[in-house]
1. Sorted by average packing, counted as other Cβ atoms within 10 angstrom per residue and highest first, what order do 694-706, 738-750, 319-331 take?
2. I'd like the Karplus ³J(HN,Hα) series for the range 519-525: coefficients 6.51, -1.76, 1.60, θ = phi - 60°, whole numbers in Hz, and an x wherever there's a Gly or Pro.
3. Nearest 10 degrees, 0 to 90: what angle lies between the long axis of helix 110-128 and the longest principal axis of the chain (Cα atoms)?
4. Would you mind giving the three semi-axes, in whole Å and largest first, of the ellipsoid equivalent to the range 482-565 according to its Cα gyration tensor?
5. Net charge within 14 Å of Ser424 by Cβ-Cβ distance, Lys/Arg positive one each and Asp/Glu negative one each, not counting Ser424 itself?
6. Where Rh is the Kirkwood radius over the Cα pairs of the range 1-155, the temperature 25 °C and the viscosity 0.890 mPa s, what D in µm²/s does Stokes-Einstein return?
7. Which value, in nm² and rounded to one decimal, describes the direction-averaged projected area of the C-alpha convex hull of the range 567-639?
8. Taking amide hydrogens as modeled 1.01 Å from N in the peptide plane, which residues meet the under 5 Å criterion relative to Val690, leaving out close sequence neighbours?
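Nothing in this text is a laboratory measurement; each read-out follows from the coordinates by a stated rule. Quick caveat, the model's predicted, so the values are computed rather than measured. As a convention, Cβ positions derive from the backbone with ideal geometry for all residues, glycine included, and neighbour counts pool all protein chains shown.
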Amino acid sequence: MIVVPIYDMIILPGVTFYFKQDVFQELEIEDVKEGEELIFLYQKEDKERQSLTAEDFYPIGVEGKVEGIDRDGNINVRTFHRVDIHNIEVAEGNISLEAVNRDEIEDIDAQECQMRFEKMRTSLLRFAQGFQWGVWARSYILHWKSISEVVSALSSYLNLTNEERYQIVETDVLSQRIEKMEHAVYEFIEVTRVGEEAENAQQERHEKVYREDAIKKQIDFLQRQLDEMHPENISDVRRFEQKIEESGMNETVRKEAEKILNRMKQEGKDSHEYGMLYDYLDFVTTLSWKKEEVEAIDLDKAEDILDEEHYGLKKVKARIIQQIAVMQLNKKQSGSILLFVGAPGTGKTSIGQSIAKALHREYVRVSLGGVRDEAEIRGHRRTYVGAMPGRIMEGMKRCGASNPVMVLDEVDKLSKDFSGDPASALLEVLDPEQNNNFTDHYLNVPYDLSDVLFVCTANSLDTIPEPLLNRMEVIQFPGYTAVEKFQIARKHLLPKAMAGMGIKAKNLKVTDDAIRTIIQDYTAESGVRGLKKQMNTLCRYAAVKLVKGEQKSITVNPKRLREFLDQKPIHHESILEEKQPGVVTGLAWTSAGGEILFIEAMFIKGSGKIQVTGQLGDVMKESVQIAVSLVKSMYPESAAMWKENDLHIHVPAGAVPKDGPSAGITLTTALASLVTGKAVSPQYAMTGEVSLRGGVMPIGGLPEKLMAAQRAGVSKVFIPYENVEDLEDVAEEVKEKLEIIPVKKVKDVLKRLGL
């Protein structure tokens with residue numbers, strides 16, 4: 001007797017099986033003879049024969065007999081009975097046991113079994129017709145004689161576990177066993193049918209996708225050929241597809257652009273939305289989405305560029321060079337947000353161009369003067385008719401790079417109304433912690449502004465909101481001295497004006513004295529913008545003469561300036577020729593630079609009233625009150641004078657508004673001069689705020705004020721002691737011509753003046 005362990009298959013009684021010889025060889029069973037009995041023993045788990053134990057087998061098996069062996073070694077086995085297995089012993093792979101026939105309960109007759117078999121065979125034949133393998137499967141199905149043969153033949157295909165297969169074998173009641181076999185076979189039919197249908201559906205879907213891809217590739221190839229043959233006729237959609245592909249967009253931006261492009265395809269050119277969709281795609285594909293490489297910066301060359309294009313401004317250029325050096329060390333595209341503050345024409349905007357040139361980067365200027373709508377910064381949402389991107393993103397589009405030097409001009413002239421506060425919208429733009437995900441409402445996707453070097457300009461800090469100011473590093477642009485203006489005019493302004501109008505150097509010569517006269521008598525400014533205009537006017541007049549042939553070579557000297565400039569010299573305040581009590585020279589700061597002004601005080605018979613004229617602001621009126629109280633306390637003997645007279649204080653020119661506390665010391669000195677009757681020398685000028693205790697407090701705009709004093713012919717200037725450090729910003733040629741006297745108390749000023 002040969003014991004054959006089996007796993008994951010069904011062998012039932014009354015069935016003929018055909019085994020190849022190698023099946024038994026794999027089980028290490030040799031010399032199988034015709035007529036030899038077999039016991040098919042069911043394993044619980046899939047194990048090698050050498051590792052099997054008695055506990056690894058189920059207690060019921062199937063008895064069979066070898067009925068024949070053909071020439072090819074194929075073994076014909078017929079099964080007969082189910083058997084109960086006892087006393088299993090496993091030794092070195094050999095299995096011995098005792099087998100006893102197991103009784104069956106036949107509760108249905110042979111006719112019903114045959115009927116149920118034929119029904120099953122019909123179902124199998126009908127099922128097989130729907131498949132390619134149905135032709136050869138039909139012959140097999142027709143050879144089967146019972147349900148047991150069907151189940152045994154389909155054993156490996158049935159959706160059953162090893163335990164469920166054994167349960168069919170161990171079932172004693174015939175009707176129950178047939179039900180289990182029917183359930184297994186019919187389930188197999190349905191599972192196979194559903195699986196085949198799903199596979200066919202999937203295949204159809206795949207074929208559709210493959211076909212679609214193939215068609216798209218063909219269309220794309222043909223379209224490329226047409227585009228190459230007729231580039232002038234390339235469609236908008238095709239053009240934007242190419243631009244999106246080449247743009248280097250990140251995934252988020254790409255999805256948004258492709259969504260808009262699909263809408264554009266669907267809408268067609270006749271749609272009223274086509275123009276809006278076109279504009280958006282044109283904008284988003286024009287922007288630079290690629291990260292620019294960090295270029296090495298030659299610091300010496302950067303210094304040369306700044307020195308070549310801008311005369312003076314030593315501190316400003318030193319700070320810019322520091323910024324560039326830090327950027328080079330950190331390998332960053334941007335640094336601190338710089339805010340250039342100074343009078344018009346001092347070179348704030350133009351130095352931004354020089355920075356871009358020094359860094360080998362694109363330059364873009366965004367004017368913010370008069371902007372009062374938040375949408376000007378952040379853009380309009382595309383739901384609005386006429387929606388546009390904000391000025392920041394529009395500037396990024398114009399420059400075509402992701403790391404330009406962007407100059408935000410006139411940030412002090414932002415205003416706000418019901419449309420929002422543009423200064424607040426700038427907070428995100430100028431914050432390095434936030435601007436890497438700046439979202440323009442029109443663009444509707446984040447854009448990285450962290451590589452942009454922002455440079456802001458302003459004429460004054462007073463109107464800039466504190467939160468915005470805190471994000472920027474303030475760099476003051478002092479006004480130019482007369483010497484600096486001369487060098488700028490000689491080296492830059494005049495050559496540019498001549499080149500712009502096509503005048504050669506041999507045809508026009510402007511003497512140094514003429515340039516100095518223009519600076520002194522025809523301009524009144526801290527910067528050089530007015531000087532540039534005068535140079536252009538001079539060159540235009542010369543151009544007329546050259547074209548008419550009146551002169552082939554023109555020399556301009558101070559005497560001919562009236563003729564060439566066609567205007568009278570500007571009136572500048574100068575020191576008084578005669579001194580008189582109650583009149584003192586003060587210093588003031590204006591947007592055009594420094595100026596001198598006169599404080600005039602006079603007593604008139606009256607009852608002690610105080611009258612102030614000259615368009616003075618509230619702060620300056622308060623300074624008058626402080627000065628009056630201070631002089632009354634310092635000169636108690638003059639009490640009767642104050643009661644018997646009215647005081648009139650006037651600050652010319654009457655049409656020019658004036659405000660600020662820095663005239664406090666001048667007002668006090670003028671009143672002291674009036675009370676004592678002692679005149680102050682016109683050679684003296686002063687500036688400083690005065691406290692009620694008689695202290696002299698610091699002021700702003702000292703360099704411009706001292707330049708104005710030197711220009712007016714003043715020789716001695718009183719300044720607050722706390723402003724001594726500001727003298728570092730004053731040009732040497734100004735300090736050389738002035739005696740600067742720092743003071744802490746008003747008494748020090750009055751003592752020095754003999755009051």
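1. Details: 694-706: 22.0, 738-750: 17.8, 319-331: 15.1.
For the peptides 694-706, 738-750, 319-331, the packing ranking is 694-706, 738-750, 319-331.
2. Coupling constants for the range 519-525: 4, 6, 10, 10, 9, 9, 7 Hz.
3. 40 degrees
4. With the √(5λ) rule applied to the range 482-565, the semi-axes are 21, 13, 11 Å.
5. With Lys, Arg at +1 and Asp, Glu at -1, the net is -4.
6. D, rounded to a whole number, is 142 µm²/s.
7. Orientation-averaged projected area of the Cα hull: 7.5 nm².
8. Amide H neighbours of Val690: Gly664, Ile665, Met697.
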